[in-house]
Structures are given as structure tokens and as C-alpha cells.
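Asker: One structure, as C-alpha cells, below. Some questions next.
The values are calculated or read from the model by the stated rules, or taken from the named source; none is laboratory data. Keep in mind that this is a model prediction, so the values were computed, not measured. In this analysis, Cβ positions are derived from the backbone assuming ideal geometry, glycine residues included, and neighbour counts consider all displayed protein chains.
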Amino acid sequence: MIRTLVRGLSELAVTAGAVLLLFVVYEVWVTDLFSDRAQDQVAEELREDWTTGTPDPEPDLGQAFAFVHVPRFGADWTRAVVEGTDPDELEEGPGHYVGSAMPGEQGNFALAGHRVGRGSPFLALDVLRPGDPVVVETVDAWHVYRVTTTTVVDPSESSVVAPTPGGAANGEPTGAFLTMTTCHPKFSTRERLVVHGELEGSTSKTAAPDGPAALEEV
Amino acid sequence: MYSWIWHHLPGPLPVRGTTALVLVLAVVALLLFVVFPVASSHLELWTPSL
């Protein structure tokens, strides 16, 4: 009787351990598969939208509206940016903080992206160095931002995505900024890794169909 | 639990082995594609925004 009970309990414990390990595998690797597919889909939809007409200036939640190119992450590294930073949106790719500036505008073009799992778009955010280009591609223009600072902040410090980074949430912008936020350290949400940049310049796609020279840097 | 299942699987050893493997794979698939996605969206383990 006791033997059966002990055996049953130990089998249960081993099973629970195996399920937990499988959950880790799911979070770290399997979610990548789902997210890569979702990212491919929103990217393809955006390219199609751009060829068929003028896109909506105010994208819906979960809808892609721009591409972000980060040469430091790899020569062809690019991700479609979707509107919104809720879990459903971030599963598709880096998400744009609702209400923050749009690419090239005065204010803070702010993005959040997962660090580990779900496509891991911002896994390597910590390798960005001051001066590195981050090129944002919209339907008609290329916006080249340059990285200025990298900081690690507490999750409560939402002023990093304010119109002027570090300023008031409803303050006036003092320039055109870029902010990218992700989890820090890896596999944890204890803090946030925050990379700021400033707009260096914008070029129209008619002037540079293949993109600015900054794409070839690093 | 596992020995009970094993003893109740029908057929000779190779058939039982195959059935057991299929059962394990079915449970893994159920976890990966149904249970974990739902659990994960409720847990909200990773929040890269602030």
C-alpha cells in the first residue's frame, strides 16, 4: 500500500519535472518557430501593402508599418515593426509603443522587443555601440538613427519612452529620438535594457531606392 | 501509473512500445501546441516594455 503510494508520488514528481523542462524548451525555442512564422507573415503583408497603395498612417494594433534594419545584428538583419506592445503584438515582432512618435517624426520613436524567445528580435541589443546606425524604412523614406546611449533601468522607469527620453510623459519633444527596450538580463524581466538613438537624417526612397549608405556600415 | 498503463497496453512488445511512444508524443504535442501557449499568455512571463 505504502509502496504503491510512494511510487505514484515519485512518478508524479518526475512527470512534473519533465513537463517543467518541456515548458522551458517551449519558451526558449518553440515560441521562436511560431513567432518567426508570424513575423514573416506581417512582413510579407507590409511589402504587399506598400506595392498596392498608400498605407494607413495610423496602423491597427498588430499591423506592421515599418521595417527596422540593424547592420550591427547582421548585414541583412531586418524586422517588421508592428503597432502595439502587448504580448499578442510582440509575438509578431518588435512593437511600437502606442502614442509614441512615428519614424522620422519629432519625439520618441519607441520600440519594445523580446530578448529570449518569441523570435528574440532584441537578443543582441547589448552589442549596439554609440554611433551604430539603426535604419527605419517606411513606405516612402529611410530614417537613419544613430545610437547614443545604452542603459539598464528598473521596469518602473517609463520616462525612457517619453517624447524626450528621461523627460515628462506628456512633455514637448526636443528632437527626433529612437528608443529600443528589451528584457534584462537575459531570461529575466528584473530590469530593462534601453538603447537610445537620435535621428541623423532621412532620405526619400526615390532618392535612394536601395537604401542609405548606413545600411552597409559595421 | 506508468506501469499500470504499460500493463494495459494490448499486443506484443513491439506493438506496445510503438503505442507507448505515440502516447508520449501525443502528450508532448498537446502540451506544446495547446497547453503551453494558453498558460504562457496567462503568465506573461516576459514583458520587454515598460
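Asker: All but one of (1) under 29 Å from residue A:26 (Cα atoms); (2) modelled with pLDDT of 95 or more; (3) within 13 Å of the chain's Cα centre (by Cα) hold for residue A:72, so report the exception by its number.
Answerer: Going through the list (1) under 29 Å from residue A:26 (Cα atoms); (2) modelled with pLDDT of 95 or more; (3) within 13 Å of the chain's Cα centre (by Cα), residue A:72 breaks only (3).
Asker: What are the residues in the stretch A:190-212 that are crowded, with 16+ Cβ neighbours inside 10 Å and either among the aliphatic types (A, V, I, L, M) or within 18 Å of residue A:152 (Cα to Cα) (or both), if any?
Answerer: Residues satisfying the conditions are A:191, A:192, A:193, A:194, A:195, A:196, A:197, A:199.
Asker: For the stretch B:1-26, give me each residue that is closer than 22 Å to residue A:4 by Cα and either of a type in the set (Gly, Ala, Ser) or part of a helix (DSSP H, G or I) (or both). First the steps, then the outcome.
Answerer: Our first condition is that a residue be closer than 22 Å to residue A:4 by Cα; within the stretch B:1-26, this holds for B:1-9, B:20.
Result: B:2, B:3, B:4, B:5, B:6, B:7, B:8, B:20.
Conditions (1) under 21 Å from residue A:202 (Cβ atoms); (2) surrounded by fewer than 20 Cβ atoms within 10 Å (Cβ to Cβ); (3) at pLDDT 95 or above, marked per residue:
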| position | (1), (2), (3) |
| --- | --- |
| A:44 | no, yes, yes |
| A:50 | yes, yes, no |
| A:53 | no, yes, no |
| A:56 | yes, yes, no |
| A:65 | yes, no, yes |
| A:86 | no, yes, no |
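Asker: Taking the residues in the stretch B:1-47 that are within 11 Å of another protein chain (Cβ to nearest Cβ) and among the polar types (S, T, N, Q) as candidates, determine which candidate is surrounded by the fewest Cβ atoms within 10 Å (Cβ to Cβ).
Answerer: Among those residues, the one meeting the criterion is B:3.
Asker: Out of A:144, A:139, A:160, I need the residue that is in a strand (DSSP E or B) and not charged (D, E, K, R). Which one?
Answerer: Working: A:139 fails: in a strand (DSSP E or B); A:160 fails: in a strand (DSSP E or B).
Of A:144, A:139, A:160, the one residue that is in a strand (DSSP E or B) and not charged (D, E, K, R) is A:144.
Asker: Do you know which residues across the stretch A:175-218 are polar (S, T, N, Q) and assigned to a loop (DSSP other than H, G, I, E, B)?
Answerer: Step one: filter the stretch A:175-218 for residues polar (S, T, N, Q), giving A:179, A:181-182, A:188-189, A:202-204, A:206.
Answer for the stretch A:175-218, where residues must be polar (S, T, N, Q) and assigned to a loop (DSSP other than H, G, I, E, B): A:188, A:189, A:206.
Asker: Could you please find all residues in the stretch A:132-164 being touching an Asp or Glu at 6+ places or on another chain (Cβ under 9 Å) and away from chain B (no Cβ under 14 Å)?
Answerer: Selection gives A:132, A:133, A:139, A:143, A:144, A:145, A:146, A:147, A:148, A:150, A:163, A:164.
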